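Taking it in order: structure first as structure tokens, then the write-up.
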Amino acid sequence: MRGGHKYIFVVGGVMSGVGKGVATSSIGRLLEEKGYPVNLMKVDPYLNVDAGTMNPTEHGEVFVLDSGLETDQDMGNYERFLNRTLGPENYMTSGMVYKAVIDRERNLGYGGKCVEAIPHVRDEIVERIVRAAEASRSAVSVIEIGGTVGDFQNAMFIEAARYLKLEHPEDVLFVMVAYLPVPKSIGEMKTRPAQHAMQMLSSYGVQADILIGRSELPLDARRKEKLAVSCNMRPEAVISAPDVDSIYDVPLNFEKDGLSDLLLKSLGLEAKGGEGHAAWKELAAKAHNGSRSVDIAIVGKYFDTGDFVLSDAYISVIEAIKFSSYAQGLKPSITWLNAKEFESGKLPLETLKKYGGVIVPGGFGETGIEGKLKVIEYVRREKIPYFGLCYGMQLMVVESARNVAGLKGAHTTEIDPATKYPVIAIMESQKKNVAEQNYGGTMRLGAYPCALEKGSVASEAYEGASRISERHRHRYEVNPEFIPAIEKTGLVFSGKSPDGILMEIAELPRSVHPFFLGTQFHPEFLARPLSPHPLFSEFIRVASGGK
């Protein structure tokens with residue numbers, strides 16, 4: 001291990017989904033503002049090797065790194081808060097760990113020893129944490145351990161963290177994020193669940209150094225004192241984390257309780273005076289002070305989660321809309337529209353006239369596809385700004401083929417393998433993978449270059465750039481056989497792979513439509529709070545009626 005490197009482990013208690021990822025991101029942001037280069041790492045305890053095969057309605061969005069690794073959505077928050085790209089070594093799952101250990105054992109990598117969870121699995125976890133720290137050249141690593149204390153699945157990761165602290169007691173810190181409910185029938189904040197979570201963590205041989213108390217309301221002095229006594233820490237080590245309107249307020253709220261100074265003191269570090277705090281405060285202010293609203297409709301399919309809308313399935317799209325709106329002094333208002341309701345006729349297409357712009361995001365499969373095609377045709381005819389992402393771009397091409405080029409029944413072979421006009425077809429390199437049902441980690445993934453047509457809407461949005469790099473996640477492409485017929489409809493392929501084979505951006509000229517553009521890539525993955533994505537910014541500008 002590189003001497004002097006500091007490690008902060010963030011663990012959760014009581015229940016999941018209360019903001020460990022945002023807390024981890026905020027800690028990273030604050031430490032960088034204090035002058036320390038930070039590396040953020042996510043540990044997911046599931047046995048999937050990566051997040052790519054998981055349903056977004058169960059686990060949220062799959063976030064793709066430049067490297068092509070399909071990860072948990074928290075990696076997106078990490079990149080957005082740090083305003084930089086992270087590498088594949090910053091993500092770890094139980095599946096990765098066990099696969100590495102088993103593969104090594106099969107190759108006699110352990111020299112014939114009996115392979116055990118301890119030390120071999122534990123050591124593999126520690127080695128990955130240390131390698132990520134070394135690769136990042138950072139001073140501090142903040143590692144979020146997924147799940148909650150008491151889960152069987154994440155116990156080995158907590159044990160690895162405990163072992164790391166045993167070896168380097170001055171360099172390792174534990175932060176617990178625990179929920180404090182305020183039952184409506186009682187009207188009082190209850191600390192007992194958090195106390196139990198801290199006691200559970202102690203049973204692993206780990207004493208938390210800092211407790212972040214998540215609740216609807218701020219923690220008062222009495223609750224802080226009560227938690228401090230029961231959890232064996234000083235009251236100033238109990239940090240209040242109330243609900244906020246914007247997650248970009250969280251670092252500022254933490255600073256009100258002195259979290260960054262507490263972290264530095266606990267790690268034996270001194271503030272160096274980093275940069276970026278003023279820019280972040282300005283961002284947080286803009287999140288609340290939009291002068292007027294811009295109304296955006298997202299027409300999607302991942303809404304079948306009982307009585308709740310799982311916005312996490314499209315979290316990067318939502319955040320990209322926010323960043324571009326904030327930068328233009330606007331307050332985004334986002335409405336979820338289920339594509340299946342347009343398909344069935346339950347929701348009339350005229351509903352779309354209420355919105356300044358419409359987005360059809362990425363996705364897979366047949367569900368709601370005819371509804372999306374109806375939406376795309378309507379917004380094209382009615383000149384409503386439209387932004388299609390990945391699948392949303394492919395369906396633009398299908399719609400133009402059917403309704404403008406006259407290729408009746410044109411489709412993507414993902415849905416209709418026997419279509420007479422396969423305007424969207426599987427990439428040649430993907431045919432074997434699909435035939436062999438080799439789905440995990442085999443799509444066109446990660447960052448690829450794209451050449452832009454001069455004078456196009458896309459090129460102007462990118463401020464005249466001739467080449468860009470964007471992240472992908474797909475198996476299907478515009479079929480080259482039908483490109484001449486599609487182009488005759490007026491649709492322009494303004495972005496292509498440098499060799500001209502793959503169609504990356506499709507658009508209608510401004511003379512035909514105010515904004516009708518789709519991307520084969522996922523621009524939302526590169527949108528950041530302090531550097532909004534140019535295509536989202538142009539879409540928002542037009543959708544808001546800006547000049």
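Can you give the helix-only mean residue ellipticity at 222 nm for the chain, where every DSSP H stretch with n ≥ 4 adds -39500 (n - 2.57) and the sum goes over all residues, rounded to the nearest 500 deg cm²/dmol? Could you put the intermediate results ahead of the total?
Values: 19 runs with 186 residues, N = 547.
Rounded to the nearest 500, it is -10000 deg cm²/dmol.
If a/c stays under 1.5 just call it rounded; otherwise compare a/b with b/c (prolate if a/b is bigger, oblate if not). Do that for the chain, with a ≥ b ≥ c from the square roots of the Cα gyration tensor eigenvalues. Each step should come with its number before you reach the end.
Numbers: a/c = 2.02, a/b = 1.56, b/c = 1.30.
Prolate, since a/c reaches 1.5 and a/b exceeds b/c.
Note on region 290-543: dipole from Cβ charges, positive end direction compared against Val478, Ala506, Gly365; the farthest Cα belongs to Ala506. Only the Cβ atoms of Lys and Arg (+1) and of Asp and Glu (-1) were treated as charged; on that basis the dipole of the chain about its Cα centre amounts to roughly 760 debye.
Would you mind counting up the charge near Asp74? Only other residues with Cβ under 12 Å from its Cβ, with Lys and Arg at +1 and Asp and Glu at -1.
Details: positive: Lys20, Lys42, Arg80; negative: Asp44, Glu61, Asp72, Glu79, Glu144, Asp312.
Cβ neighbours under 12 Å give a net charge of -3.
Ordered by the number of other Cβ atoms lying within 10 Å of each residue's own Cβ, fewest first, Thr489, Thr53, Thr93 fall into the sequence Thr53, Thr489, Thr93. Relative to the longest principal axis of the Cα atoms of the chain, the long axis of helix 391-403 lies at roughly 10 degrees. Ordering His533, Ser497, Ile468 by Cα displacement along the dipole of region 468-547 toward the positive end leaves His533 in first place; charges were set at the Cβ atoms of Lys, Arg (+1) and Asp, Glu (-1). Relative to the longest principal axis of the Cα atoms of the chain, the long axis of helix 369-381 lies at roughly 60 degrees.
Add +1 for every Lys or Arg and -1 for every Asp or Glu among the other residues with Cβ under 9 Å from the Cβ of Gly95, and state the total. It would help to have the intermediate numbers written out before the result.
Working: positive: Lys99; negative: Asp44, Asp50.
Local charge sum for Gly95: -1.
A simple rule links phi to the HN-Hα coupling: the Karplus curve 6.51 cos²θ - 1.76 cosθ + 1.60 with θ = phi - 60°, which for region 147-154 gives x, 10, 4, x, 5, 5, 5, 9 Hz, with x for Gly and Pro.
For region 6-282, what is the relative contact order in percent, using Cα pairs closer than 8 Å and at least 6 residues apart in sequence? Don't skip to the end; give the middle numbers.
Details: 473 pairs, mean separation 73.2, N = 277.
Over region 6-282, the number comes to 26 percent.
On full extension, the segment bounded by Val182 and Gln153 gains 7.6 nm, given 0.36 nm per residue less the C-alpha separation.
Take each peptide in 37-49, 399-411, count the other Cβ atoms within 10 Å of every residue, and average; sorted highest first, the result is 37-49, 399-411.
Sequence-distant contacts, meaning Cα pairs under 8 Å at least 6 residues apart, place the relative contact order of region 1-136 at 26 percent.
Using +1 at the Cβ of each Lys and Arg and -1 at the Cβ of each Asp and Glu in the chain, identify which of Ser230, Pro385, Gln199 lies farthest towards the dipole's positive end. It is Pro385.
Sequence gap at least 6, Cα distance under 8 Å: using those rules, report the relative contact order of the chain to the nearest whole percent.
On the way: 1087 pairs, mean separation 83.2, N = 547.
After rounding, I find 15 percent.
Students often forget the sequence filter, so: which aspartates and glutamates lie under 16 Å Cα-Cα from Lys113 once same-chain residues fewer than 8 apart are removed? Within reach: Asp103, Glu105, Asp123, Glu124. Each of Cys231, Cys114 has some number of other Cβ atoms within 10 Å of its Cβ, and from fewest to most they run Cys114, Cys231.
If you place +1 on the Cβ of every Lys and Arg, -1 on the Cβ of every Asp and Glu, and leave all else neutral, what size is the dipole of region 84-185 about its Cα centre, to the nearest 20 Debye? All intermediate terms of the calculation are to be shown ahead of the outcome.
Details: 12 positive and 14 negative charges, 51 e Å.
Charge dipole of region 84-185: 240 debye, to the nearest 20.
Just so you know, all these numbers are worked out from the coordinates, no wet-lab data involved. These numbers come from a predicted model, not from an experiment. So basically every Cβ, Gly included, is an ideal-geometry build from the backbone, and we count neighbours across all protein chains shown.
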